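K.L.:
I'd like to ask you about the structure that follows.
The values are calculated or read from the model by the stated rules, or taken from the named source; none is laboratory data. Just so it is clear, the model here is predicted, and its values are computed rather than measured. So basically every Cβ, Gly included, is an ideal-geometry build from the backbone, and we count neighbours across all protein chains shown.
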Amino acid sequence: MNSGSRTRNSVRLAIALATSAGMASALNAQTATTPTTTTLKWSSGQNETVRSMSATQLNESIAALSARPNQSRVLVHLEYQVTQAQRAQLAAAGLHLTTSLGSTSFLATLDQDSNAKMLSRSALASISQINPTHKLHRDLQSDLIHPWMLSQDDVRKHQALRELSDAGVMSIDELNAKGLDPSVAVIVMFHTDADRLVESARLAQDFNGQVLSHIKSVNSIVIAIKADQIKQLAADDAVMWVEPPLPAMQDLNSSNRALVGADTLNSLPYSLDGSGVTVLVYDGGKMFQHNDFGSRLTIGATDTAGISDHATHVGGTIGGDGTGNINNRGMAPGVDFISFGFEQDGGLTEGFLYTDPGDMEADYQSAIITHNADISNNSIGTNTAPNGYPCDWTGNYNVTSALIDSIAKGSIDGPFRIVWANGNERQSGRCQGDDNGNFGEFFSTAPPACAKNHITVGSVDSDTDFTSSFSSWGPTDDGRIKPDISAPGCQSGGDGGVTSTSSSGGYNVKCGTSMASPTVTGVAALILEQYRITFPDRDDLMNATLKALFANTAEDRGNTGPDYKYGYGSIRGIAAIDTVIAENIIESEVSQGGTYAGIIIVGAGESELKVTIAWDDAPAAPAVTNALVNDLDLRIIDPNGDVVLPWTLDPANPNGGAVQSVADHLNNIEQVSIMNPIPGAYTVEVRGFNIPVGPSQTFGLVTSSTLINCSSAGIVSLGGNIFSCDGATTVKVVDCDLNTSDLLIETVDVLIDADSNHLGPLTLTLTETAAESATFTASFTFSESNPAAFIHVNEGDSLTVSYIDADNGSGGTNVLVMAAATIDCVAPVVQNVTVTNVEPRAATVNIDLDEAASVIVNYGTSIFSLNDSVSANSFMSTQALNITGLIDQTTYVFTVQAQDQAGNMSTDDNGGAGYTFTTPDVPDFFTEQFGSGLDLEGLTLTLTPSGTAEGYTATIEPLAGGVLPFEPTDGSIVSLSDDDSDLINISDGNTVLIYGQAYGSFYVGSNGYVTFGSSDTDYTESLSDHFDTARVSILFDDLNPSSSGTVYQQQLADRMIISYDQVTEYSNTNNNTMQIELHFDGTIVLSWENIDSGDAICGISAGNGQDPDFFMSDLSTYQAPSNCPADINGDGTLNFFDVSAFLVAFNAQDPAVDFNGDGQYNFFDVSAFLNLFDAGCP
C-alpha cells in the first residue's frame, strides 16, 4: 500500500511512532510540562527550597567552588531536564552530572578549570557545596550506635561495652563517658565517578580503618572505623552517603495452588512446570535436600550456612514436586534450585553482627554467572518492629535498596528478576503509622522491601483472599505503593497456613509474606517457561515486565484500583499466562521527551480495559527521600479522543481510594483502567517525562485487550519456525500503513512458497482482524501427500511467506518482507539412555537425542505396568529427568517418548524390554538419639572409611582398661563458655575428613560436638540440628564446661584428639568424660569413659540435613573388630564368600583391603590377602 494514501488517523499514529524513535525535537527550556525541582527532601529530615541564581551569582559560586583544594563535588539544580547532547555541553564546560536526586537536581563534579561564563548561560539554575549533614543517615547524625555495628572482639574484651550493647542503642557520648572507643561498621557509598578501590584504600589509611567488603554494583564499601570518626568520614569529598548497616536479615515467617491457578497451569492444555528455569532461593540458611526436590537442588559452592527449615519450606512452595504428598507440591515442580543463605552474621567478615550488602552481591553474582539463575526469591527482611529496631526505618530507601535496584536493572550480567517478601511488620504493636505515629497500620513496610525494582509481595489468606493480619502495608516514606502485589501466604481455616517441605524430611505449616513470595516466584517460573515457548526469538522478559504482567492480571482487592494494603491485587496465574500466549505484552524504551505509541483493540462486550507499565529504574541516592529517578508517564486515548490517566494514591490519606485525575510522579509502575470500555481502537502512550539517567529508559507494557504494536515497518510471521509434513498454520502481517481507514476491514495479499512447490509462489489473501487493527491474518494447509492441501511440501523444505512493504518508514520503498519455517517429517531418535544419581528414593534418567525434543519417561515395576511418568516440556537434544518417590531396593522399568518441535513423535522401549535401574537400600547413618538408657559408657566406636553407600564401616569394643585411649590433660585447654564454640586450626598441612570431605580446621563446641565448615552453639539435641551441619557428636547435649569440667585438644602425628573431661550438664552437677579421635586418613574413633547424661545424640553427620529415610542406628550392637583380617565379611569363617567380598572391595578401592597400607590397590594387596587367607584365623 502506498504511504501517500494514509488517512489522517494513520498520519497521527505515524507521527507518534516516529517520536518514539527519537525524532522529537529537543526540549525547550521551561515549557509548561518541563519537570523542575521546587523542594529537595533530604533523608536527614530537612527540606530545602530550591531557588534559582542570577548569572552573576552563578559566576561567583562557580568561581568559589572550583577554587576549593581537594574538593570537586557540588549540588546543582537545573532549570529543565537536559538532553544527552546538553549534558555533554555541560561536561565540556567543566560540570559533570553524576547522580540524579530526582527531577532536575543532581550531585555533580566541578572541574577546577570550569568555564563559569558558559555554565551561567546553560540550563544551570543553582550550584552549591554539599552539606555534610545531608550525607549522613539520621541515626549517625544523632551519634547513635547500634549493637550490630560493633566489633564483637571489642564487646568481648570490654565489660562496659558489653553492658551498653546488651542495653541496645547507645550514643557516642555514652561511649566517651566510659572511656570507650570501639570500632564500628558503616556503609559508605562513593560518588559514582569515584574510584572505589583507590578511595577505599585511602580512607582505610586516613582513618586507620579496615575495609570489610566491597559492593561493586552501587560503588560502596563496608568499613570499620572508630565511632567518633563517622562525621569526619562523611565530610570527605569522595563520599556521597554514610549509613549504619542493617542488622542481620532474618526469615519472614495447598490452597495457594487453587487460588493462583497453578493446578490448571500444571495440567493440559498448558502443561507448565517451570522446566528450564533456575530459581535462586536466597534465605536465612540453605535448603535441605528434601525428596520433593530430587536432584534439582544445588547448594552454592561458597555457602557454609546451616540447613534452614524456612528456606526448605520456601523452596517447596516454589517447586516441590509432591513426592511425599502430591497435595503439598509447589507451583512449578520442574524448576531447578540454587540455594544460598547468609554464611554468617556480617556476611563476608566475621566479628560483626550486621547484614553485609557485599555478601548479598557476591551470592547473587555466583548464582547468576556460575549457576545461570533466572529469578530469585527473597523471603527475608529486618523484622524491624518485632525486633525493636528504630521505627523510623520503616519506609526507608537505603544502600541495600539501591543494590537490589541495581541488580534488577542489570549490574550483574544483565537484567535479573527479583521477588521479595514485603514483610510481617503488622504482627507487632510497634512501628505502626508514619514517622510521627499517624495513619494506624499503614507505613509499616521495612527495609529492604522499600526498594523500587524488585517485585514485593504482600500476603492474603488463601481461603478468603483478604489481607493477612500480619502483612506489611505501604506507603514508603516518599509515598510509593507497597506491596506491589499480593499472594496467598496464610489461611484462616484449613491447615492454618501454607503446608510445604520441612528440613525434617516431611512437611510443616508456616504463615507469612515469606510464604506468599515463593508462591509468586513459582508462578513466575511458569510464566518464564511459557514466555520462552511463545517468544522463542526473544530474551527472557525483564523484571519490570514481569511486575507489570502480575499487576495487570491480578484480581483487584480492597479499594478499587491499587491500594497500600494489596498493591495492585491478588495474583492470578492463568490470566497472566493467557496474556503471554495472546502476546498482549511488549518491551520498548523511550528517551527524554520521547513517546512510545501503540494501538489496543477492544472488542464488544469486554468489561474492562486495563493497561500497566513498569520500568526498572536507576538506583536512587539514599541521601534524599524521593526514590524515583527516571519518570515515565502512561495515558490512554479512547476512540472519542478522551484522555485517561493512571491510578494515583494520596500518601497523606493512605486509606483513601485511588483516583485517575493526575499523572503519577512517585512510582515506577503505573496502571490505567477503563470499566465497560466502548469497542474500538485505543491509543496507548508512554512518554519519557523526566529521564536524568539515560539516554533512554526501557519499560514493559501489558494490556488486557488485543495489543497492536505496529509501525510503518511491516512484519510478517508464519506462526512458527518448524512444522511437520502435514498441518496448517496462520500467517499474520502487521503494518500500520496498510490500515488506510479505521472504518473498513481491509485485505492484503502475500505469497506462499516451498522448495518442493513447482507451481510457483501461491497467493494468499489476508483479512484485517478489525477495522482499526492494521493486523491481517489467514490460514492455509500444507502436506507431503494430501493433494487437497494449499501447498505441497517435503522433508527439509523451507516454507516461506513474503509481501512487499511499500514504505518501511525509514526511507525504504517496495521492501521485500519475509518469514520462513523448516519442514521436518522425521521423528526424533533416542541415541543414548543412562541412569545416574540412583538413590533409595530417586534417580535421574539422562537421554541423548539426535535433535531437540521434549520427552516423557513412563516407568513402573514391570514393562506391562508403566503407570507413572515424568516429562520435560522444553526442547533440548540432551534431557535429564528426575524421578522421585521411588521405593528402595526395587527394580524399575521405563520407556522414553520423544516429540520434536514439529510434533513428530517416537518411542524407545529398548527393543521391547524397557530400560531398568535398581534403587539401593537405605544406608546406615551411624547416629542414635537417646531419650534415656544411654548404653555407650565404657565403649569405643571406630568408623573406618569405606567405598560403600554408607561411607564407613563400624566396629565397637570395650575401652581398654576402662579409660580413654589418650590422657586428656596431655592436650591444650579449649576455653569455652556455656553454648560456645572455638576454632581449631590443624598444623603442618594436615586435614581431617568426614564423609570424604577434607577440612584443615574445625570447631569444638561446648555442647559435646565438633563441627566442620561453620561453628554451632545449639544446645537442643534434635536430629534436625545434628544433621544440619557436618559434625561429630560425641555427646550432643546441653553441656556447660564453664561450670564444671574441661575440654582439651591435641594434635598427634596422625590424628587430632578432642577430649571432654568431667564436663557437666547445664544446671547440673554430673560429669561426662569422652573423647573424639579424628585421624588424618579419615578414620573416626569415639570413646566414652563416663556418661551421667541420660539423653543425648551420638553419631556423625555429613551436614546435608536429616534424610527422609533416616532410621536410628543402634551403635552399641555393631560387631567387634575382627582379629582375622582375611575374614572380609566378618562371619568368623574363611571361605569363598571372603574371596568374593575381597574382589568387590578391591575393585571399589575400599581402604579396608589396602592390606599393606601404602594407599594403592595392586598385586601386593592381593598377595597379602592370600597369605592371610592361607594362614587362617586364630
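K.L.:
Under 25 Å from residue 576 (Cα atoms), in a loop (DSSP other than H, G, I, E, B) and of a type in the set (Phe, Trp, Tyr) - does that describe any residue in the range 642-658?
P.N.:
Yes, because at least one residue in the range 642-658 is under 25 Å from residue 576 (Cα atoms), in a loop (DSSP other than H, G, I, E, B) and of a type in the set (Phe, Trp, Tyr).
K.L.:
Select from the range 774-815 the residues that are among the aliphatic types (A, V, I, L, M) and part of a strand (DSSP E or B) and write down the one among them that is farthest from residue 683 (Cα to Cα). Please lay out each step first, then the result.
P.N.:
The initial filter retains those residues of the range 774-815 that are among the aliphatic types (A, V, I, L, M), namely 774, 778, 788-789, 791, 793, 799, 801, 804, 806, 815.
Restricting the remaining residues to those that are part of a strand (DSSP E or B) gives 778, 791, 799, 801, 804, 806, 815.
Details: 778: 25, 791: 39, 799: 35, 801: 30, 804: 27, 806: 24, 815: 27 Å.
Applying the filter and picking the extreme gives 791.
K.L.:
Applying the selection to the range 816-837, what residues are surrounded by fewer than 16 Cβ atoms within 10 Å (Cβ to Cβ) and among the hydrophobic types (A, V, I, L, M, F, W, C)?
P.N.:
Those that are surrounded by fewer than 16 Cβ atoms within 10 Å (Cβ to Cβ) and among the hydrophobic types (A, V, I, L, M, F, W, C): 816, 818, 820, 826, 829.
K.L.:
A follow-up question, please. Within the range 842-853, is even one residue in a strand (DSSP E or B), touching a helix residue (DSSP H, G or I) at 6+ places or on another chain (Cβ under 7 Å) and in the same structural domain as residue 992 (by TED's automatic domain parsing)?
P.N.:
Checked the range 842-853: no residue is in a strand (DSSP E or B), touching a helix residue (DSSP H, G or I) at 6+ places or on another chain (Cβ under 7 Å) and in the same structural domain as residue 992 (by TED's automatic domain parsing).
K.L.:
Does the range 858-877 hold any residues that are farther than 21 Å from residue 533 by Cβ, of a type outside the set (Ser, Thr, Tyr) and in a strand (DSSP E or B), and which are they?
P.N.:
858, 860, 868 - these are the residues of the range 858-877 that are farther than 21 Å from residue 533 by Cβ, of a type outside the set (Ser, Thr, Tyr) and in a strand (DSSP E or B).
Results for (1) among the aromatic types (Phe, Trp, Tyr); (2) crowded, with 20+ Cβ neighbours inside 10 Å, shown as yes or no for each residue.
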position	(1), (2)
596	yes, yes
604	no, no
618	no, yes
629	no, yes
639	no, no
642	no, no
648	no, yes
660	no, no
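Condition check ((1) at pLDDT 90 or above; (2) crowded, with 22+ Cβ neighbours inside 10 Å; (3) under 27 Å from residue 388 (Cα atoms); (4) small (Gly, Ala, Ser)) across all residues:
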{"residue": "126", "(1), (2), (3), (4)": "yes, no, no, yes"}
{"residue": "141", "(1), (2), (3), (4)": "yes, no, yes, no"}
{"residue": "193", "(1), (2), (3), (4)": "yes, no, no, no"}
{"residue": "207", "(1), (2), (3), (4)": "yes, no, no, no"}
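K.L.:
Taking the conditions exactly as written (among the hydroxyl-bearing types (Ser, Thr, Tyr) and crowded, with 20+ Cβ neighbours inside 10 Å), does residue 267 satisfy them or not?
P.N.:
Details: among the hydroxyl-bearing types (Ser, Thr, Tyr): yes; crowded, with 20+ Cβ neighbours inside 10 Å: no.
Spelling it out, it is not the case that residue 267 is among the hydroxyl-bearing types (Ser, Thr, Tyr) and crowded, with 20+ Cβ neighbours inside 10 Å.
K.L.:
For the structure I just gave you, tell me whether residue 961 is at pLDDT 95 or above, surrounded by fewer than 17 Cβ atoms within 10 Å (Cβ to Cβ) and of a type outside the set (Ser, Thr, Tyr). I'd like the intermediate steps shown before the answer.
P.N.:
Values: at pLDDT 95 or above: no; surrounded by fewer than 17 Cβ atoms within 10 Å (Cβ to Cβ): yes; of a type outside the set (Ser, Thr, Tyr): yes.
It is false that residue 961 is at pLDDT 95 or above, surrounded by fewer than 17 Cβ atoms within 10 Å (Cβ to Cβ) and of a type outside the set (Ser, Thr, Tyr).
K.L.:
Now for a different question. Which of the residues belonging to the range 1017-1068 are modelled with pLDDT under 95 and in contact with a helix residue (DSSP H, G or I) (Cβ under 8 Å, 6 or more places away or on another chain)?
P.N.:
Within the range 1017-1068, 1018, 1024 qualify.
K.L.:
Would you please name the residue that is modelled with the lowest pLDDT, looking only at residues in the range 755-773 that are polar (S, T, N, Q), assigned to a loop (DSSP other than H, G, I, E, B) and closer than 30 Å to residue 681 by Cβ?
P.N.:
773
K.L.:
For the range 913-924, indicate whether the set of residues that are closer than 30 Å to residue 859 by Cα and among the small types (Gly, Ala, Ser) is non-empty.
P.N.:
Yes, the conditions are met somewhere in the range 913-924.
K.L.:
Which one of these is modelled with pLDDT under 95 and within 25 Å of residue 270 (Cα to Cα): 533, 455? Talk me through it step by step, then tell me what you get.
P.N.:
Values: 455 fails: modelled with pLDDT under 95.
On inspection, the qualifying residue turns out to be 533.
K.L.:
While we're looking at this one, here's another question. Looking at (1) of a type in the set (Asp, Glu); (2) closer than 28 Å to residue 270 by Cβ; (3) over 25 Å from the mean Cα position of the chain (by Cα), which is the one condition that is false for residue 587?
P.N.:
Only one criterion is unmet by residue 587, namely (3).
K.L.:
Right, another one. If you take the residues in the range 291-309 that are under 20 Å from residue 497 (Cα atoms) and crowded, with 24+ Cβ neighbours inside 10 Å, which one is modelled with the highest pLDDT?
P.N.:
To start, the set of residues in the range 291-309 that are under 20 Å from residue 497 (Cα atoms) comprises 292, 308-309.
Right, trim to crowded, with 24+ Cβ neighbours inside 10 Å and you get 292, 308.
Numbers: 292: 89, 308: 86.
Filtering the range 291-309 for residues that are under 20 Å from residue 497 (Cα atoms) and crowded, with 24+ Cβ neighbours inside 10 Å, the one modelled with the highest pLDDT comes out as 292.
K.L.:
Restricting to the range 933-952, what's the tally of residues that are modelled with pLDDT of 85 or more, within 16 Å of residue 996 (Cα to Cα) and of a type in the set (A, V, I, L, M)?
P.N.:
1
K.L.:
So in the range 358-400, with the set limited to residues that are touching a strand residue (DSSP E or B) at 6+ places or on another chain (Cβ under 8 Å) and among the aromatic types (Phe, Trp, Tyr), which one is farthest from residue 474 (Cα to Cα)?
P.N.:
The qualifying residue farthest from residue 474 (Cα to Cα) is 364.
K.L.:
Out of 752, 678, 745, 715, report the one residue that is surrounded by fewer than 16 Cβ atoms within 10 Å (Cβ to Cβ) and touching a Pro at 6+ places or on another chain (Cβ under 7 Å).
P.N.:
Result: 678 is the single residue among 752, 678, 745, 715 that is surrounded by fewer than 16 Cβ atoms within 10 Å (Cβ to Cβ) and touching a Pro at 6+ places or on another chain (Cβ under 7 Å).
K.L.:
Please determine, by comparing only the residues of the range 1098-1155 that are more than 48 Å from the chain's Cα centre (by Cα) and β-branched (Val, Ile, Thr), which one is surrounded by the fewest Cβ atoms within 10 Å (Cβ to Cβ).
P.N.:
Ranking the qualifying residues of the range 1098-1155, first place goes to 1133.
K.L.:
Restricting to the range 659-681, give me the number of residues that are touching a Ser or Thr at 6+ places or on another chain (Cβ under 9 Å) and assigned to a loop (DSSP other than H, G, I, E, B).
P.N.:
Of the residues in the range 659-681, 10 are touching a Ser or Thr at 6+ places or on another chain (Cβ under 9 Å) and assigned to a loop (DSSP other than H, G, I, E, B).
K.L.:
If we scan the range 247-269, do we find a residue that is assigned to a loop (DSSP other than H, G, I, E, B), in contact with a Leu (Cβ under 7 Å, 6 or more places away or on another chain) and modelled with pLDDT under 95? Explain how you work it out, then say what you get.
P.N.:
So in the range 247-269, the residues assigned to a loop (DSSP other than H, G, I, E, B) come out as 248-249, 252-254, 261, 267-269.
From what's left, in contact with a Leu (Cβ under 7 Å, 6 or more places away or on another chain): 248.
If we keep only those that are modelled with pLDDT under 95 as well, we get 248.
Within the range 247-269 (the criterion being assigned to a loop (DSSP other than H, G, I, E, B), in contact with a Leu (Cβ under 7 Å, 6 or more places away or on another chain) and modelled with pLDDT under 95), the answer is yes, since at least one residue qualifies.
K.L.:
Going through the range 969-1007 one residue at a time, which ones are within 15 Å of residue 1074 (Cα to Cα), within 36 Å of the chain's Cα centre (by Cα) and in a loop (DSSP other than H, G, I, E, B)?
P.N.:
Across the range 969-1007, the qualifying residues are 1006, 1007.
K.L.:
Still on this structure, please answer the following. Please enumerate the residues belonging to the range 392-440 that are of a type in the set (Gly, Ala, Ser), modelled with pLDDT of 90 or more and not in a helix (DSSP H, G or I).
P.N.:
Across the range 392-440, the qualifying residues are 410, 411, 414, 421.
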